[in-house]
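The values are calculated or read from the model by the stated rules, or taken from the named source; none is laboratory data. Because the structure is predicted, anything quoted here is derived from the model rather than measured. Positions of Cβ are backbone-derived with ideal geometry, glycine not excepted, and every protein chain shown enters the neighbour counts.
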Amino acid sequence: MNYQQAIDYINSYTDYEKIGMPHDPAFYDLRRVDELLSLLGDPHKKAGSVHITGTNGKGSVAVMVAAALTAAGYGTGLYTSPHLHSWRERIRVDGELISEAELAQLVADLKPYVEAVNEKATYGQLTTFEFLTCMAFAYFGQKGVKFQVLEVGMGGKFDATSVITPLVAIITTIGLDHTDVLGSTVAEIAAEKCGIIKPDIPVVISPQPPEAAQVIRQTCAERGAKLLVVGKDIKWRSLGSDLDGQQLKVEGRKGNYELSIPILGEHQLINAATAVAALEVLADGGFDIPAPKIAGGFKQLAWPGRFQVLRRNPPLVVDGAHNIDAARGLKKALKQYFDFERAILVMGASDDKNIAGVVAELVPIFDRVIVTRSRHPRAMAPAPLAAEFARHGLKALIAEDVPSALSQALAMAGKKELVCLAGSLFIVGEALEAAAKLSLNG
C-alpha cells in the first residue's frame with residue numbers, strides 16, 4: 001500500500017468532518033474504539049496522556065504542551081485536527097510529522113483489525129476519525145513516546161480520544177460552536193466537553209463564561225477531580241509584543257515563568273498560561289519539566305493558520321476564526337498589531353457555522369468583502385454569506401475559489417489597506433497554498 005492508497009482507504013470510512021455529525025449519541029459508541037485498541041494491544045495505555053477540549057485554543061494549548069515536553073527531553077506524540085494541507089499534520093512525534101511511508105505502513109498494518117471490528121459491528125462501524133485516533137495511538141506506541149498530547153475532535157463525552165485516562169485534562173474557553181451537535185447553550189456544550197473529566201484526575205481550565213464554569217465546577221466535584229483555574233490559581237500578564245511574537249510572565253503554583261511565543265493575539269497569552277498550568281500538574285507527578293525547558297519549547301512553537309502574518313506591508317493575515325469568540329479575538333488582534341486605513345476581508349465558512357454572529361463581529365472593521373468557498377464538502381456556498389453581509393449594508397463580491405479570492409483581494413488593496421482571510425481553517429489552508437505560489441514581498 002502506498003501513501004495515496006492509504007489516504008483513499010482512510011477516506012472510504014464515514015467522515016463526519018465532511019458530511020456533518022448526527023446528534024444521536026448512538027452514532028458514537030466508544031466500545032468499538034476500545035475493541036479495536038484491544039486487538040492492537042492497547043497502545044493508548046503505554047504513554048501518559050494529556051487530554052484537551054474546549055471551543056477555541058485547544059490546538060494551540062496542545063502544541064504548547066507538546067513542545068515543552070519535547071524540550072524537557074520526553075518523547076512526545078501530538079494528535080490534532082483538522083489539518084491544513086496533509087493528513088500527516090494530525091500525527092506528530094517531537095514536532096515531526098508522520099512520514100508518508102510510515103502512514104501508509106500503519107494503515108496497511110491496521111486494516112485487517114479495522115475490518116474485523118467493522119465486520120462484526122457489535123457496537124457499530126468505525127468512522128474515519130476513530131480510525132485516525134487509533135492510528136495515532138498505534139504510532140505513538142511504536143515510537144515509544146513518554147507522553148501523548150491529544151486534542152479532542154469535537155465535544156468530549158463521545159469523542160474517540162476519550163478512551164484514555166489522562167494525567168491531566170484541560171478545558172480551554174468554551175463558547176457557542178457546533179450547536180447542532182453539542183447543544184444550543186454554553187451550559188449544554190460545557191456538559192459535553194466535561195466528558196473528558198475522569199474521577200480523581202486534575203483538571204485545568206482557561207477563563208470561562210459563568211455558565212460554563214458552573215458546569216465544570218459541579219462535574220469536578222462529582223468526580224473528585226481537583227480543579228485549577230487559570231486567572232485565579234495561575235496568573236499571567238503581557239510583557240510586550242510585536243509582529244515577531246509576544247512575551248509574557250506566568251505566575252504558576254510552582255514558580256514564575258518568563259516566556260516568549262512566536263504566535264500573536266492576546267488569546268494566545270491565555271493559552272500559554274493554560275499550558276503552563278497543565279505542565280505543572282505533570283511536574284506534581286514527579287516529571288522533570290523545569291522552567292527553562294518550558295521557555296525553550298514555547299519559543300520554538302510553530303502553529304500555522306492562527307493569526308499568521310504572511311506579509312507585513314501592506315498587511316496580509318490569515319486566521320481560522322470560525323465562531324463568534326474567535327472572530328472577536330481576530331478583530332481585536334488586527335487593531336492591536338496593525339495601523340491600517342482600510343481593510344479587505346476574504347471569508348468562507350463551513351455550512352454549520354453561525355455566520356450571522358461572525359459577520360456581525362467582523363463587519364465594523366472591514367470596508368470591502370469577498371466571499372468564497374473552500375474545496376471542503378461542507379463548505380457553505382458564497383451566496384448566503386454575501387446575503388449576511390448585505391444585511392449590514394456591505395455588498396460582497398463573490399469569488400468561486402480561494403486562490404481567485406486572494407488574487408482579487410491583493411489586486412484591490414491599496415498601500416494602507418489590510419487584507420485578511422478568515423472564517424474556516426479550510427479557507428486558511430487553501431490560502432496558504434495559494435500564497436506560496438505568489439510573490440508576497442514586504
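Descriptive notes on the structure:
- Inspection of segment 218-227 finds no residue satisfying the criterion of being of a type outside the set (A, V, I, L, M, F, W, C), assigned to a strand (DSSP E or B) and surrounded by fewer than 14 Cβ atoms within 10 Å (Cβ to Cβ).
- Candidates Pro202, Pro210, Pro166: the one that is without any contact (Cβ under 8 Å) to a residue 24 or more places away in the chain, in the same structural domain as Leu39 (by TED's automatic domain parsing) and closer than 30 Å to Asn256 by Cβ is Pro210.
- Residue that is assigned to a helix (DSSP H, G or I), modelled with pLDDT of 95 or more and over 27 Å from Pro262 (Cβ atoms), where the choices are Leu69, Leu103: Leu103
- Residue in segment 218-238 that is under 14 Å from Phe298 (Cβ atoms) and either in contact with a strand residue (DSSP E or B) (Cβ under 8 Å, 6 or more places away or on another chain) or not assigned by TED's automatic domain parsing to the domain that holds Asp319 (or both) present: yes
- Scan of segment 96-112 for residues that are surrounded by fewer than 18 Cβ atoms within 10 Å (Cβ to Cβ) and closer than 12 Å to Leu36 by Cβ, ordered by number: Lys111, Pro112
- Hits in segment 383-442 - residues which are without any contact (Cβ under 8 Å) to a residue 60 or more places away in the chain and of a type in the set (D, E, K, R): Glu388, Arg391, Lys395, Glu400, Asp401, Glu430, Lys437
- Hey, Val309 in contact with a Cys (Cβ under 7 Å, 6 or more places away or on another chain), closer than 30 Å to Val363 by Cβ and either touching a residue at least 24 places away in the same chain (Cβ under 8 Å) or in the same structural domain as Asn354 (by TED's automatic domain parsing) (or both) or not: no
- Restricted to segment 72-100, and to residues there that are assigned to a helix (DSSP H, G or I) and basic (Lys, Arg), the residue that is farthest from Phe147 (Cα to Cα) is Arg88.
- Failed item, numbered, when Lys157 is tested on (1) assigned to a loop (DSSP other than H, G, I, E, B); (2) out of contact with any Phe, Trp or Tyr (no Cβ under 6 Å at 6 or more places or on another chain); (3) under 26 Å from Tyr3 (Cα atoms): (3)
- Candidates Val145, Val149, Val203, filtered to the one that is among the β-branched types (Val, Ile, Thr) and farther than 30 Å from Ala327 by Cβ: Val145
- Members of segment 101-122 found to be of a type in the set (D, E, K, R) and closer than 16 Å to Gly144 by Cβ, listed by number: Glu102
- Residue check, Ala321 among the small types (Gly, Ala, Ser) and assigned to a helix (DSSP H, G or I): no
- Search result, residues across segment 414-434 that are small (Gly, Ala, Ser) and surrounded by fewer than 20 Cβ atoms within 10 Å (Cβ to Cβ): Gly414, Ala434
- Among the criteria (1) crowded, with 22+ Cβ neighbours inside 10 Å; (2) under 30 Å from Val230 (Cα atoms); (3) touching a strand residue (DSSP E or B) at 6+ places or on another chain (Cβ under 8 Å), the one Glu89 does not fulfil is (1).
- Odd one out for His267 among (1) surrounded by fewer than 18 Cβ atoms within 10 Å (Cβ to Cβ); (2) closer than 30 Å to Asp200 by Cα; (3) not hydrophobic (A, V, I, L, M, F, W, C): (1)
- Restricting Phe131, Phe158, Phe147, Phe140 to those that are among the aromatic types (Phe, Trp, Tyr) and surrounded by fewer than 21 Cβ atoms within 10 Å (Cβ to Cβ) reduces the list to Phe158.
- Taking the numbered list (1) loosely packed, with under 14 Cβ neighbours inside 10 Å; (2) touching a strand residue (DSSP E or B) at 6+ places or on another chain (Cβ under 7 Å); (3) at pLDDT below 95 in turn, Glu258 passes all entries but (3).
- Asp325 acidic (Asp, Glu) and touching a Ser or Thr at 6+ places or on another chain (Cβ under 7 Å): yes
- Among the residues of segment 342-352, those that are at pLDDT 90 or above and either touching a Phe, Trp or Tyr at 6+ places or on another chain (Cβ under 9 Å) or in a loop (DSSP other than H, G, I, E, B) (or both) comprise Arg342, Ala343, Ile344, Leu345, Met347, Gly348, Ala349.
- Qualifying residue in segment 102-112 (condition: free of Cβ contacts under 8 Å to residues at least 12 places away in the same chain and either over 30 Å from Gln308 (Cβ atoms) or not assigned by TED's automatic domain parsing to the domain that holds Leu40 (or both)): yes
- Whichever residue in segment 132-154 is within 18 Å of His83 (Cα to Cα) and part of a loop (DSSP other than H, G, I, E, B) and, among such residues, is modelled with the highest pLDDT: Val152
- Hits in segment 264-312 (condition: at pLDDT 95 or above, in contact with a Pro (Cβ under 8 Å, 6 or more places away or on another chain) and either part of a loop (DSSP other than H, G, I, E, B) or basic (Lys, Arg) (or both)): Lys299
- Residues of segment 407-442 that are more than 20 Å from Ala333 (Cβ to Cβ) and in contact with a helix residue (DSSP H, G or I) (Cβ under 6 Å, 6 or more places away or on another chain): Glu430, Ala434.
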